[in-house]
Structures are given as structure tokens and as C-alpha cells.
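Student: Handing you a structure now.
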């Protein structure tokens, strides 16, 4: 099988150097400025950013970039990885696209076998194969955002799974999709869905919270990753704010399903995500 089951280990999307680069870019701080703020040479900064960790430099950079230094150090030393998640009637597809891997998710109602698909990623075959094998009927496709890596096979997949309705935030319209806003709700058998506008990485980024499974699930797209977050390509400030207000405010046991990397939980991100020092004790 080419799809990742919930209990298989999916590699982290970001490591400490990626986190530092995202924070520097978001705050518009270059290597020379961060060198001045930390009292370390530009060459020291470049060495750390190249993937060679130095505890003192990392701590100083974390302070200057408003990141949580111990969590960043844990990332640099590979001391943390989120606990594996195994949720009945929920599947993660972690599929290759060039040098990256992209996630899609299926959730379904056990009784009716009706399903929701979240993003399509780059390859229709493993998703279609799983749907056929499990005798599922996809009633809706919900897009977290429309960056190409998340919808690469959308037009290929839709006809072979019965042309379900597609939903996307109104600020990122695509042909034939239903345009929705925050607080849109849907129901599928015993499952309930509500969406939140978690913009910043993209203008129409959406988080879909699903209740009715073993655990509450939030499909967050590129808003948040295990131990990191999507780059604030539209607004770093908005990305941080909407993550705090709409994702990190969910119950700690909520399982987060990101667009890249492994699943995690709100509680684990509060403890281990360097971008959110305010939640650390």
C-alpha cells in the first residue's frame, strides 16, 4: 500500500533550522540583523542555519525571534516526536511530490460508509484504491487551501470517486467549488464538521474540526505542523494569531491533522511547538 496509516511514522516537516528561517522571514529579520541582536558573528548564524546546531547560538536566536528556546533546542537534538495517533474511521495519506510529502485525510461514518476527503495531494491512485477497498462513498471534498501541492490531483480524482461537491474558502475560489466562510457546518451520519478561517499561510486557509470519531479531529492544512507551522506567506502575524485563537484554543486532546508531517495534538503543541512560548510553563 502507498498510503500512510495512522500508526505509521511520518517524518517531521520542519527541523530547527526551518523554524528559525520561518521566524526570521516572518519578522523580516536578516542574517546581519540577527547577528547584531544576538552578538554572534554572521558566520555563526549561517552555520546554525545550515543545519549544524550550536546551543548558545540557537538560544540567543530564539530569544531574538520570540521563540521558545528549550523547545527549539529539543528540535535541534531530535528529542521530541509526537505520539502516534490511531483513530478509527480516519486515514492519513502521506504522499510524495518531488522532494516533499503532502497529506490528505479521509474520515467516514461507519454506518453509512459515507466519507469526507480533506485535500487531495499529488496522487489520486492511493486515495481511490483505499476508497474502493473500504467501500466508501465520498460525499464532499473540503480544501484547507488551494496551494498547488494540496490540490494537484483534484481534477483527476473527482470523476473516479463520483464527482462529490468541493468546498473552499470564498477568498480562494476555484472552478465548480462551493464557496464557504468561517462557521460553515456539515453533518454526515454521526459526524459533525465546523470550519474556522485560519489564514496567514494562505489568504483562505481553513481548519475543519470534526466530531463523532474516537477523538475530536482538526484538519489544519498548513496552518500548523507538528513542532512548527506553515510559513506566514500572507501574514506571519495573522498566522500566529489565528493559530493561537482558533487551533491552540481547542481541547488538549484534539488530534491535529496537518498538511505536511505527522499528526499531533493540541496538548503536545502547547508543550513542544517553539512558535508558542506563551503556553509553556
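Student: What percent do you get for the relative contact order of segment 90-279 when only Cα pairs under 8 Å and 6+ apart count?
Tutor: Values: 427 pairs, mean separation 30.2, N = 190.
RCO, segment 90-279: 16 percent.
Student: Divide the volume of the convex hull of the Cα atoms of the chain by its number of residues and quote the answer in cubic angstrom per residue. Display every interim value, and only then the final one.
Tutor: On the way: hull volume 33.1 nm³, N = 281.
Hull volume over Cα atoms, normalised by residue count, gives 118 Å³.
Student: Then there is this: Largest first and in whole Å, what are the equivalent-ellipsoid semi-axes of segment 65-179 based on the Cα gyration tensor, each being the root of 5 times an eigenvalue? Mind dumping the intermediate values first?
Tutor: Details: eigenvalues 174, 71, 38 Å².
Working from the Cα gyration tensor, I get semi-axes of 30, 19, 14 Å.
Student: For the chain, find the longest principal axis of its Cα atoms and tell me its angle to the long axis of helix 55-64, 0 to 90°, nearest 10.
Tutor: 70
Student: To continue, here is another question. Under a crude label model (7 Å from the Cα following the beta-carbon direction), how far is residue 183 from residue 25 in nanometres?
Tutor: Taking the two extended label points, one gets 3.4 nm.
Student: If you don't mind, there's one more thing I want to ask. Between helix 124-133 and the chain, what is the angle of the helix's C-alpha long axis to the longest principal axis, kept within 0 to 90° and rounded to the nearest 10?
Tutor: 50
Student: Continuing with this model, one more query. Hull surface divided by four, with the convex hull built on the Cα atoms of segment 220-281: how many nm²?
Tutor: Numbers: hull surface 14.8 nm².
Taking a quarter of the hull surface, the average projection is 3.7 nm².
Student: If you don't mind, there's one more thing I want to ask. So how do 145, 197 line up by other beta-carbon neighbours within 10 Å, fewest first?
Tutor: 197, 145
Student: Let me ask something else about it. Would you list 278, 156 from fewest to most Cβ contacts within 10 Å?
Tutor: 278, 156
Student: Rounded, prolate or oblate: which one fits segment 165-213, using the alpha carbon gyration tensor with axes a ≥ b ≥ c (rounded when a/c is under 1.5, else prolate when a/b beats b/c, else oblate)? Intermediate values should be presented prior to the final figure.
Tutor: Numbers: a/c = 2.86, a/b = 1.49, b/c = 1.92.
Oblate.
Student: For the chain, what does the helix formula give at 222 nm: sum of -39500 (n - 2.57) over DSSP H segments with n ≥ 4, over the residue count, nearest 500 deg cm²/dmol? Let's see the in-between values first.
Tutor: On the way: 10 runs with 81 residues, N = 281.
It lands at -8000 deg cm²/dmol.
Student: Which order results if 253, 172, 269, 17 are arranged by neighbouring Cβ count within 10 Å, fewest first? All intermediate terms of the calculation are to be shown ahead of the outcome.
Tutor: Details: 253 10, 172 20, 269 26, 17 17.
If I rank by nearby Cβ atoms, fewest first, I get 253, 17, 172, 269.
Student: Can I ask one more? Once you treat every alpha carbon in segment 184-267 as an equal point and sum by Debye, what is log10 I(q)/I(0) at q = 0.16, 0.24 Å⁻¹?
Tutor: The Debye formula, applied to the Cα set alone, gives -0.54, -1.14.
Student: Over the Cα atoms of segment 1-142, each weighted equally, I'd like the Debye log10 I(q)/I(0) at q = 0.20, 0.21, 0.22 Å⁻¹, rounded to two decimals.
Tutor: For segment 1-142, the Cα-only Debye profile gives -1.06, -1.13, -1.21.
Student: While we're here: Which FRET efficiency value, to the nearest 0.05, do you get for residue 56 and residue 249 by plugging their Cβ-Cβ distance into 1/(1 + (r/R0)^6) with R0 = 25 Å? Before the final figure, lay out the partial values.
Tutor: Working: r = 34 Å, r/R0 = 1.37.
It comes out at approximately 0.15.
Student: To the nearest whole percent, what portion of all C-alpha pairs in segment 16-76 is separated by more than 12 angstrom? All intermediate terms of the calculation are to be shown ahead of the outcome.
Tutor: Numbers: 1100 of 1830 pairs.
Value for segment 16-76 (Cα pairs over 12 Å): 60 percent.
Every number in this text was worked out from the coordinates using simple rules, so none of it is lab data. Just so it is clear, the model here is predicted, and its values are computed rather than measured. Heads up, the Cβs are rebuilt from the backbone with ideal geometry, glycines too, and the neighbour counts pull from every protein chain shown.
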